[in-house]
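Below is one structure, written out as C-alpha cells; comments come after it.
Rule-based calculations on the coordinates, nothing more; no lab input. Keep in mind that what you see is a predicted model, and the values were worked out from it rather than measured. We place every Cβ from the backbone using ideal geometry, glycine too, and count neighbours over all the protein chains shown.
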Amino acid sequence: MFAYVRYIDDNIRQIVPLDYIKDFCPQDVNDFEIKKKYHILWKKSPEDQGQYYKAQILKLAESEEELTRERISIPPLDSDEEDCSSYKNSMNPSDLGHGVMISTEKWDIVRRVVGDSKFCKSLAVVIWGTTVLKQRSVTGMKCNAKKTADAKPPLTPEKVSAIKECLSQRLKERGHTSEEINKRLLSVRKYLAEKISDINRIKTVSGLTQPQWIQ
C-alpha cells in the first residue's frame, strides 16, 4: 500500500510506501484521518536514513499508479499553524499565482523593492521564511562544493513558478519586451540559490532576532 502525502513545513507532496508513516497500520485505503498530522519519513536519497516530519495523508492506494491518475485536493488540517497563518492572511490576501498567497501588506512592501534580484529574494523570504529556506536547495541535488554534505529537499516548484510569474508581470507592467522578460526570468533560480547561500552564511548570535525579510 502507498500514500500520497503533503509535508506541512514546505508543502512538498510525495508518494511514499506505508512503512514511511510512523505508528500507522490501516485496515484498508479509507482507514486514515485526512485532517490529522502524521509523522512521515522524508528521504533525500534511497540510501539516506531519512528523518520524520509532520505531514498530512491525502490518499491511500494499493499501488503508486492509482495515486498518479487523479488530481487530489488538500483540505485544511486541524490545529495546523501553517493553515492558521494562511487563514489569517486570507482575510486580506494577494493571489500570486499557482495557489500561493501572501498578505496584501507584505506584497505592497515587496513590490516596491528595486531590482530583479532583491525582488525575487524578498518574495522568497515572505513565501517560505528563512527557517525553511535554510533547509532547502533550489534543485534538491547535492552541492559540488560540499561533497560531504547531504542533498537538501528542493524548493516547492509551484512557489518557484509563482515568483517567476510575479517577476514576469512586474516586467510587463514596466514595458519590457517578451524576449527581454524571458531572458531575465532565467536568473530567478540563481537569485534563489544566492538567497539560500546568504541565509546559511549568517552567524547565529545569541539574543538577536532573525534577519529582516527584506534584504
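Some points to look at:
- Additional length obtainable on full extension of the chain from Glu66 to Glu173, 0.36 nm per residue less Cα span: 34.2 nm
- Label positions at Lys190 and Lys118, each projected 7 Å from the Cα along the C-beta direction, are separated by 1.9 nm.
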